[in-house]
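Asks: My structure is below; once you've seen it, I'll send some questions.
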Amino acid sequence: MDVEPMQSRGIKYSVMFVFIYIQIKSRQLHGAAFAVAWTLSFTFTFKLCKTRTSFYFAKPFHRVFRFPFVGQLDARLTSDTFGSFSSSFVIRARKTRKRVADTVHLPLPVQRNWTPSAMEQTGGLFVSWRQPERIPRPSPPPPGTLRDTEVPYFFRERYVRAGYRPLHQPWRYYFLSAFRRHNETVNIWTHSLALLVLLGEAGRAAQRADPRRDRHAWPLLLLILSALNYTAWSVAAHLLGSESEATHYALFFLDYVGVAQYQYGSAAAHYYYAAEEGYARHLGGVFLPVAAALSCLSCLGCCYGKYRNHSLPPWVRKVGQVVPSALAYAWDIGPVAHGLASGRADAAAAYHLAHMAFFLACAVFFAFPVLERRWPGDCDFLGQGHQLFHVLLSCCTVCQIRASLLDYGGRRQVYARLHRGDEAALSVALYGVTLLVCLLIAAFMLKKARDLLDAQAKSK
Ligand SMILES: [Zn+2]
């Protein structure tokens with residue numbers, strides 16, 4: 001059987017008119033015969049006109065009559081005309097591609113001779129039977145999640161038994177995994193929603209403070225930028241960190257850089273807006289440099305803990321993260337704690353108390369996996385301490401921004417008198433230095449981690 005392609009436009013239009021004639025005459029038929037003749041003729045007429053209407057018009061009739069000629073097409077191509085028509089019939093790819101792929105087996109001469117398909121002409125929305133090898137196959141379902149024993153030791157979380165995403169999947173898999181159920185889904189969404197809330201807080205702050213005109217607003221800007229920064233890196237780390245060990249290291253090291261920046265931004269805002277006169281007089285010269293150094297130490301502790309987590313138990317990482325961070329927090333909260341201890345009772349004081357309470361609570365859930373230890377395996381999706389840590393830390397950050405915004409508006413006389421010099425500029429400069437040092441720490445630890453991974457790969 002050899003089917004010649006019908007190239008001539010004239011022939012096409014001639015056949016189109018024949019089918020229009022059939023349509024007219026078929027009105028004299030009755031019942032199913034009329035419906036079939038009418039459907040076929042209209043379908044092919046519109047196809048010859050190369051309009052998508054052909055598909056939409058024929059679709060309901062496909063459902064009703066199931067187009068018996070469709071499945072048997074390859075066996076019944078007895079005439080050139082019918083072969084050309086049916087081969088150029090267009091169907092919608094997405095909904096019917098599987099059925100067509102299963103049923104249509106066009107002979108090789110037909111495939112070879114036919115012209116480029118309508119798929120190319122319509123931008124891929126339609127699939128032509130002319131090139132059945134180009135029919136898009138249904139993509140395989142994404143791989144399921146794994147148990148803790150099926151992933152490398154490095155990725156396992158304490159008391160989380162299942163829900164681990166497999167490594168070395170395409171990036172698309174990890175991006176789309178935000179909408180699937182696994183043991184990082186809630187971590188991703190808690191900080192994604194927090195990011196939106198913080199953007200709202202940043203918008204509110206932008207209405208009240210203008211850092212371009214008022215340098216007293218710079219510490220507030222540092223606090224908000226660093227809060228947005230750490231939240232965004234946290235989302236990236238939880239979303240993509242399962243791709244490979246190298247990616248996991250890189251993203252979590254950047255997450256720790258963000259956390260260190262947030263610690264310094266908090267210290268700058270606390271000191272600038274909340275410090276009482278006595279506190280600023282005693283510690284004014286050293287507060288910001290010490291806060292910058294402690295945030296760098298915190299970054300180093302977090303990165304080193306993560307790095308050593310490869311070979312040591314998880315509690316080592318916690319110690320590396322918690323001890324320097326606790327030191328940094330104890331220093332950074334000093335101006336606020338001193339003010340509250342001195343009897344401060346304005347509107348911002350309530351927010352300060354709230355963010356301190358939220359921070360202490362989130363530190364507990366960060367250091368101790370209370371719920372998953374009590375019910376191991378039952379908190380794989382929801383209820384992990386880290387999820388609570390995210391929520392409480394986000395609440396802490398929101399309260400902190402609101403407190404600083406209130407202080408910025410309500411304590412202007414105090415901080416304008418205390419920080420007459422260039423302490424706002426100093427806070428920004430130290431932020432830049434801290435960022436640079438933290439990035440260098442992260443790069444150094446990433447290199448060590450890569451060397452470790454290379455050495456492990458070679459030893460296998
Ligand atoms: Zn996290």
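Just so it is clear, none of the values below were taken in a lab; they were calculated from the coordinates. Values in this document were obtained by computation on a predicted structure and should not be read as measured data. Neighbour counts are summed over all protein chains in view; Cβ atoms, including those assigned to glycine, are modelled from backbone coordinates with ideal geometry.
Asks: With 10 angstrom as the radius, rank 379, 302 by how many other C-beta atoms surround their C-beta, starting from the fewest.
Replies: Ascending Cβ contact count within 10 Å gives the list 379, 302.
Asks: Starting with the fewest neighbours, write out 240, 405 ranked by other beta-carbon atoms found within 10 Å of each beta-carbon.
Replies: Numbers: 240 20, 405 23.
Taking fewest neighbouring Cβ atoms as first place, the list is 240, 405.
Asks: Each label point is 7 Å from the Cα along the Cα-to-Cβ direction; what then is the distance between the points at residue 214 and residue 382, in nm?
Replies: The modelled label-to-label distance comes out at 4.2 nm.
Asks: Can you give the local net charge around residue 442? Use residues other than it whose beta-carbon is closer than 13 angstrom to its beta-carbon, Lys and Arg +1, Asp and Glu -1.
Replies: On the way: positive: 306, 447, 448, 450; negative: 255.
Local net charge: +3.
Asks: What ³J(HN,Hα) values, in whole Hz, does the Karplus curve 6.51 cos²θ - 1.76 cosθ + 1.60 give for region 317-327 when θ = phi - 60°, with x put for Gly and Pro?
Replies: Working through the residues one at a time gives 4, 4, 5, x, 8, 6, 4, x, 5, 5, 4 Hz.
Asks: Which far-off residues, 5 or more places away or on another chain, put their amide H under 5 Å from the one on residue 146, with H placed in the peptide plane?
Replies: The answer is 163, 164, 165.
Asks: Across every pair of different alpha-carbon atoms, what Kirkwood hydrodynamic radius in Å does region 146-459 reach? Present the calculation step by step, with values, prior to reporting the outcome.
Replies: Details: mean 1/r = 0.0496 Å⁻¹.
One over the average 1/r among Cα pairs gives 20.2 Å for region 146-459.
Asks: Shifting gears a bit: For region 200-296, what's the relative contact order in percent, using C-alpha pairs closer than 8 Å and at least 6 residues apart?
Replies: 27 percent
Asks: A further question follows. From the phi angles alone, apply the Karplus equation (6.51, -1.76, 1.60; θ = phi - 60°) to region 232-248 and give each ³J(HN,Hα) in whole Hz, x where the residue is Gly or Pro.
Replies: 5, 5, 5, 4, 4, 5, 6, 6, 10, x, 8, 5, 6, 5, 5, 5, 4
Asks: Another question, if that's okay. Please list, in order along region 357-367, the HN-Hα scalar couplings obtained from phi with the Karplus expression 6.51 cos²θ - 1.76 cosθ + 1.60 (θ = phi - 60°), rounded to whole Hz, x for Gly and Pro.
Replies: 5, 4, 5, 4, 5, 5, 5, 4, 6, 6, 7
Asks: Rank the residues 401, 224, 188 as a footprinting-exposure proxy: fewest other Cβ atoms within 10 Å of their Cβ go first. Let's see the in-between values first.
Replies: Numbers: 401 24, 224 27, 188 21.
Listing 401, 224, 188 from fewest to most nearby Cβ atoms yields 188, 401, 224.
Asks: Figure the gain on full extension for residue 162 and residue 326 (residue separation times 0.36 nm, minus the Cα-Cα span) and round it to one decimal in nm. Write down the numbers at each step before the final one.
Replies: On the way: separation 164, 0.36 × 164 = 59.04 nm, distance 3.09 nm.
Additional length available on full extension: 55.9 nm.
Asks: Determine, for each peptide in 211-220, 167-176, the mean count of other beta carbons within 10 angstrom over its residues, then list the peptides with the highest first. Don't jump to the answer; show the numbers that get you there.
Replies: Numbers: 211-220: 17.9, 167-176: 12.6.
So the order, starting with the most tightly packed, is 211-220, 167-176.
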